[in-house]
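First comes the structure, then the notes that go with it.
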Amino acid sequence: MNLLAVEKPARYMGGEMGSIRKDVADLRIALAFPDVYEVGMSHLGLRILYHILNAVDGIAAERVYAPWPDREQQMRDAGERLATLETATPLADCDIIGFTLQYELSYTNILNMLRLAEIPLFASRRGESYPLVIAGGPCAYNPEPLAPFFDAVLLGDGEEAMPEIADAVRQSKKAGESRLELLERLALIEGVYIPSFFEPGYNPDGTIAGIMPRAGGKATVRRRFLSSLDTAAFPTDTVVPFMKTVHDRVAVEIARGCTRGCRFCQAGYVYRPLRERSPATILKVADEALRATGYDEISLLSLSTGDYSCVTPLLSELMARYAEDRVAVSLPSLRVGTLNEELIDEIKKVRKTGFTLAPEAGSERMRRVINKGITEADLLETAFNVYRAGWRSIKLYFMIGLPGETAEDVAQIAVLARQVKDQAKRSGNPGEVNVSVSNFVPKAHTPFQWEPQISTAEILESQYLLHTELKKRKLRLKWHDAPLSFMEGVFARGDRRLAPVLVRAVELGCRFDGWGEHFSQERWMQAFSDCDIRPEWYLRRRELDEVLPWDHLDCGVSRDFLLKEREMALGEAVTEDCRNGACGACGVCDFSTVSNRLSGADAVVPAREERIPGEAHAARMRLRFAKTGTMRYLSHLELITVFTRAVSKGGVPILFSQGFHPHPRFSFATATSVGVESMAEYMDMFVADGIPAGEVVRRLNDVLPEGLKILEAEQVDVKSPSLSTLIDKTRYRITFDDAASEHLSEQCVQFMAHTEFVIQRKKKGETQVIDLRGEVATLSAAASSLELVAGRGKPMEFARAITGNDALQGDDVRIEKLDVIFCSTP
């Protein structure tokens, strides 16, 4: 596997700190995320399942992500099958492949990953030797467009269900059961849906006549509920990626579910009831996770973090507890109605980059329709307090295309945004407002599941109107592309007849459709046409007595409740939050094992330990380390990230720079080229005086990934010159294949005979001139290798110059950095 030829090698390396490798296992599970690594690594659900499953003896859970197009092409050219990161096991050799259904526009990636694994797409065509292919996640509540591809789908919470599924497969494997017998065993597990056990029928007009279970089977499948979040397993020693990911921090789920009842929000219905973790558990998890990962930021996750029963004292405690360690605390989901001045005062203590508020609709009328539960006065007062607290920018999230929306409602978004901007002036803060608008897509299991989605033309018309109105008020607009929303709407309420379309789209080259630069509306329209499907038919209004593709899947919320909520929306009536008011009889709670579980507003938060302030005296450690194996693919920035996490995870008393964004005080001698193995990397590290050099080596080597190893360390004078000024020359070994090494000795003589060998290099728009011959001190050839000692210049530049082969690439040679020669002893 040559990773030098792909854009970001760290996506495919594996071996990260916190990753779990089991070479021998009774059951091997590939947890598959159908998007690129940096997106999938940010997904909390997979982190949870990865550690829960790996905690079971005999079960190996491994990760696999969708390869970016450059890596996919490389795999196809080499005939390489898609494999897991941990043990490079081909997916076809695993026992279970579990896909996360996070977003409709990732569906083509699922099929493409199966193709790259050389696994038949349709479940009916997979024989006994192929792995069980299952799925779960938010889109599992209408998996019908994908149903023909999956053996089983998990509805609901996975913490308890996934180990049961794994155990069932293991027991079936031991018993030598057939695939059908395994599916029958899985169907007995609460929350598991077997698509092949149901058969939809269709009316002449194309609507669904019924969804029939097989003889003797249950007519519906009810989702799985996790009774208590507080007692559920939650990972703290998570995988720490080498590269920057979308959410590169400790993530602590403080609550699951929401009681607000926003009528457009699928998550608010399918994740019911509300279950909160206790403050004591949250603090324990945060403490363990920070120590285990080396991160310097905690994110408190839930659908509405501001609704957490004791969010203000919890936030206050976290910030005070970790202030000295420079750990930031973020709350990504805040609701206008929960943002009081006390909470804002706590939030402002962390890095103030921007503040996000989500009114969702511009007019009071539309906010009543969607049951948002916030008033214009609430929003403006919150904006005033945010600006007064020091934030310079507020981002406002809205939707267009909501049921019953008029042009006046759309224009009101601009009016409200300007009023928010005016609060900055009122507070004496020259603040900015950025408006972000998405397009409403009706989702299954919501009160709006029967409503039509507006057409692409109508979306564009509303976007233009809003752009014009905002421009008048000197405000900026960011919008979601209408064709992407069109596709999302088709598959969000689609049925099994869309499966051939997905297959055809993948054949035409569709993948990474959620990424604008890869989405091709032309290819999708061809796929629909080739399969004789009119996609706009799926965006229509559904009749109230119509059988919906997901009617046999029970999320817990009753159809009668959703119909009642729809009527309330039409009447612009508000449904009270059941956290504070009477039960709305949505159907989820049995008030025994399944019910709202709150921490209580007066929950006691454990007292923090007081630290004695003091300034540590600095000691400067000089370290030599090796970078071998797959670690040679790390970029310089990724290497900095690894050591930033390692010093924290290893408990090295690193000192920090001053300023608003303090950083660990370490520096590297030089930035070695990606792909070069090295036994002579050097770095200086400022630590608290008193720790021996040998102890620094031990602590770092205990946590660094395989391929990075501290070889030696010594304490040097804190005022010693920087490493980069001390380096004179570097010793390299460059090894060629046999065919390219026949004339190496002769080529060395010819190169050294030059009086100069000048090359030009472009860097940041400037031309650099380097005399490679003048930089070479010694050069020799032995067998298929060159050994040279040189100053400036990259080893690949020397290899090309010596051999006369300008087409030489990193995968044609092996480059080793053997030693660094200093002007004086480091």
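Descriptive notes on the structure:
- THR725 paired with THR231, simple spin-label distance in nm, labels 7 Å along Cα-to-beta-carbon: 6.4 nm
- Per residue Cα convex hull volume in Å³ - calculated over segment 1-97: 96 Å³
- Gain on full stretching of the segment that runs from SER529 to ASN340 - 0.36 nm per residue minus C-alpha separation: 62.7 nm
- Nearest 10 degrees, 0 to 90: helix 744-753 Cα axis against the chain principal axis: 70 degrees
- Sparse-neighbour loop sites [chymotrypsin sites (Phe, Trp or Tyr not before Pro); segment 623-727; at most 15 other C-beta within 10 Å; DSSP]: PHE660
- Restricting segment 405-498 to chymotrypsin sites (Phe, Trp or Tyr not before Pro) that sit in a DSSP loop and have at most 14 other Cβ atoms within 10 Å of their own Cβ leaves nothing.
- In the chain, helical runs assigned H by DSSP with n ≥ 4 each contribute -39500 (n - 2.57); averaged across all residues and rounded to the nearest 500, the mean residue ellipticity at 222 nm is -9000 deg cm²/dmol.
- Charge tally for TYR130 (other residues, Cβ to Cβ under 12 Å; Lys, Arg +1; Asp, Glu -1): -2.
- Protein accessible area in the chain, 1.4 Å probe - carbon and sulfur %: 50 percent
- On a per residue basis, the chain carries 42 Å² of accessible surface, using protein heavy atoms and a 1.4 Å probe.
- Take every Cα pair under 8 Å whose residues are at least 6 apart in sequence, average their separation, divide by the length of segment 1-153, and the relative contact order is 23 percent.
- Net dipole in debye of the chain [+1 Lys, Arg Cβ; -1 Asp, Glu Cβ; about Cα centre; nearest 20]: 1500 debye
- Folded to 0 to 90 degrees: helix 161-175 orientation relative to the chain principal axis, Cα: 80 degrees
- Neighbours of PRO721, meaning other residues whose beta-carbon lies under 12 angstrom from its beta-carbon, give a summed charge of +1 when Lys and Arg score +1 and Asp and Glu score -1.
- Segment ARG21-ALA88, length gained on full extension (0.36 nm per residue, minus Cα span): 23.1 nm
- Zone of THR220's modelled label, taken as backbone nitrogen in segment 117-139 under 15 Å from a point 7 Å along Cα→Cβ: none
- Cleavage-rule hits (GluC sites (Glu not before Pro)) in segment 278-335: DSSP loop, at most 13 neighbouring Cβ within 10 angstrom: GLU324
- Take the Cβ atoms of LEU818 and ARG81, set R0 to 41 Å, and the FRET efficiency comes out at 0.70.
- Using a Förster distance of 30 Å, the FRET efficiency for LEU508-LEU44 (Cβ separation, nearest 0.05): 0.35
- For the chain, the relative contact order is 12 percent, taking Cα pairs closer than 8 Å that sit 6 or more residues apart in sequence and dividing their mean separation by the residue count.
- Simple spin-label estimate for GLU742 and GLU756 in nanometres, 7 Å along Cα-Cβ: 3.4 nm
- Here the calculated FRET efficiency for ASP551 and LEU188, from their Cβ-Cβ distance with R0 = 30 Å, stands at 0.85, rounded to the nearest 0.05.
- For segment 307-322, the Karplus equation 6.51 cos²θ - 1.76 cosθ + 1.60, evaluated at θ = phi - 60°, returns couplings of 7, 4, 4, 10, 5, 5, x, 5, 5, 4, 5, 4, 5, 5, 5, 10 Hz by residue, with Gly and Pro reported as x.
- Over the chain - Rg/Rh using Cα atoms and the Kirkwood inverse-distance radius: 0.99
- Within the chain, percent of DSSP bridges classed antiparallel, to nearest 5: 55 percent
- The stretch between LYS474 and GLN768 holds 101.4 nm of extra length on full extension. This uses 0.36 nm per residue minus the Cα-Cα distance.
- Computed over every Cα-Cα pair of segment 244-386 and binned at 10 Å starting from 0, the pair-distance distribution P(r) comes out as 11, 39, 35, 14, 2 percent.
- Residues in segment 362-370 carry Karplus couplings, in order, of x, 9, 4, 4, 5, 5, 6, 4, 8 Hz; the curve used is 6.51 cos²θ - 1.76 cosθ + 1.60 with θ = phi - 60°, and Gly or Pro positions show x.
- In this structure, the pairs whose alpha-carbon distance is over 26 Å, taken from LYS8/LYS729; LYS395/LYS763; LYS649/LYS764; LYS421/LYS478; LYS425/LYS472, are LYS8/LYS729; LYS395/LYS763; LYS649/LYS764.
- Distance between the pseudo-spin-label points of SER436 and ASP689 (7 Å out from Cα toward the beta carbon): 4.8 nm.
The values are calculated or read from the model by the stated rules, or taken from the named source; none is laboratory data. Because the structure is predicted, anything quoted here is derived from the model rather than measured. Ideal geometry is used to build each Cβ from the backbone, glycine not excepted, and the neighbour counts take in all protein chains shown. With ligands, DNA and RNA removed, areas are computed over all heavy atoms of the protein, side chains included. Shrake-Rupley method; radii C 1.70, N 1.55, O 1.52, S 1.80 Å.
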